[in-house]
Amino acid sequence: WEEEQRKVRADWEKERGNQFFKDNMLNEAINCYTSAIQLDPINAVYPANRAMCLIKQEKYAAAEVDCTTSIELDSKYTKAYHRRATARFKLGKFEEARKDYEMVLKLEPSSKLAQSELGKLEQLIESRNLVFPVCKREEEKSKKALKRILIEEINDESVEKDQVK
Amino acid sequence: EHNEKVNRPDSHNELKSQTPKYKIYREPQQGELVEFLVAEIELPNIISANSLQLDIGEDRILLNTRSQIYHLDIYLPYCLKQEECGAQFDKKTKILTITMPVSN
Ligand SMILES: [Ca+2]
């Protein structure tokens with residue numbers, strides 16, 4: 001009976017928190033969600049909602065922790081993955097953010113927002129480590145002789161079949 | 001006979017070599033220090049590595065193909081360890097991957 005009571009109170013704190021969030025009163029909202037978490041620590045919604053506030057406050061590391069807690073409580077909670085992706089992106093954890101977006105799309109394949117965010121992220125990841133050729137004046141070019149490189153062939157299906165026999 | 005003519009590739013176009021699509025990545029992605037570069041070159045019209053001729057300079061990649069389908073000659077803003085470079089041609093994806101350690 002007491003447990004039920006606590007859950008009802010937790011839900012009430014969450015509703016208050018949601019109202020504060022709408023009014024952009026983030027500290028008040030965070031306090032409500034914190035109360036909700038203390039009253040009902042196994043509900044995945046409360047830490048995910050607090051994470052939403054923390055992201056708005058640009059406290060991305062704390063938001064990431066809350067999202068991870070939420071995901072541990074409910075591994076299919078799409079919003080938690082989406083928010084963690086946002087937080088991880090801001091923290092520069094691009095590969096981890098990519099995995100979260102991929103999880104969002106696994107759970108919700110039609111999510112246009114996740115699709116476009118994943119696309120942007122992938123472009124960014126790729127461009128970060130791209131190297132572009134340069135134009136060199138004659139005197140800037142290395143004088144060392146070229147070296148012929150042996151090219152190994154891979155994925156040769158005919159050879160693979162022979163090896164199986 | 002007529003069909004044969006239509007399907008035959010234009011031999012004049014084949015003689016004009018084209019620049020293949022390629023990308024070069026640095027590893028590791030972050031930080032000041034670059035350990036090696038990886039070039040991925042798309043060669044959709046190549047059947048076998050036998051028709052490829054790859055030469056690496058200290059700052060240069062030079063790729064030619066036997067039938068002059070592709071030609072690539074680029075300079076890089078890094079000093080490559082020529083002796084330690086390796087290359088693989090994937091016959092399925094038709095991508096030539098070159099791994100080039102960088103000396104710092
Ligand atoms: Ca997030």
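The values are calculated or read from the model by the stated rules, or taken from the named source; none is laboratory data. Bear in mind the structure is a predicted one, so any value in this text is a computation, not a measurement. Methodologically, a virtual Cβ is constructed for each residue, glycine included, from the backbone with ideal geometry; neighbour enumeration extends over all protein chains shown. These area figures cover heavy atoms from the full protein model, side chains too; ligands, DNA and RNA do not enter into them. Shrake-Rupley method; radii C 1.70, N 1.55, O 1.52, S 1.80 Å.
See the values below:
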{"item": "Estimated translational D of chain A in µm²/s (Stokes, Kirkwood radius over Cα pairs; 20 °C; 1.002 mPa s)", "result": "110 µm²/s"}
{"item": "Between 0 and 90°, nearest 10: helix A:78-90 axis offset from chain A longest Cα axis", "result": "60 degrees"}
{"item": "Residues in segment B:20-35 reached by a label modelled at residue A:99 [backbone nitrogen below 13 Å; 7 Å Cα→Cβ]", "result": "none"}
{"item": "Per-selection Kirkwood Rh - chain B (Cα, Å, 1 d.p.)", "result": "15.1 Å"}
{"item": "Span from the segment B:40-104 Cα centroid across to the segment A:4-38 one, whole angstrom", "result": "60 Å"}
{"item": "Principal-axis tilt of helix A:2-22 within chain A, Cα atoms, nearest 10 degrees", "result": "70 degrees"}
{"item": "Inter-chain shielding of A:140-146 (mean C-beta neighbours from other protein chains, 10 Å cut-off)", "result": "5"}
{"item": "Cross-link pairs A:59/A:93; A:22/A:106; A:143/B:94 - those with Cα-Cα distance over 22 Å", "result": "A:22/A:106; A:143/B:94"}
{"item": "Ordering of A:27-39, A:109-121, A:46-58 by packing [mean C-beta count within 10 Å, highest first]", "result": "A:46-58, A:27-39, A:109-121"}
{"item": "Carbon plus sulfur fraction of accessible area for segment A:1-103, probe 1.4 Å, in percent", "result": "50 percent"}
{"item": "Neighbouring partner chain Cβ atoms per residue of A:130-137, average, 10 Å criterion", "result": "6"}
{"item": "Where the protein assembly as shown is the region considered: accessible area per residue in Å², 1.4 Å probe", "result": "62 Å²"}
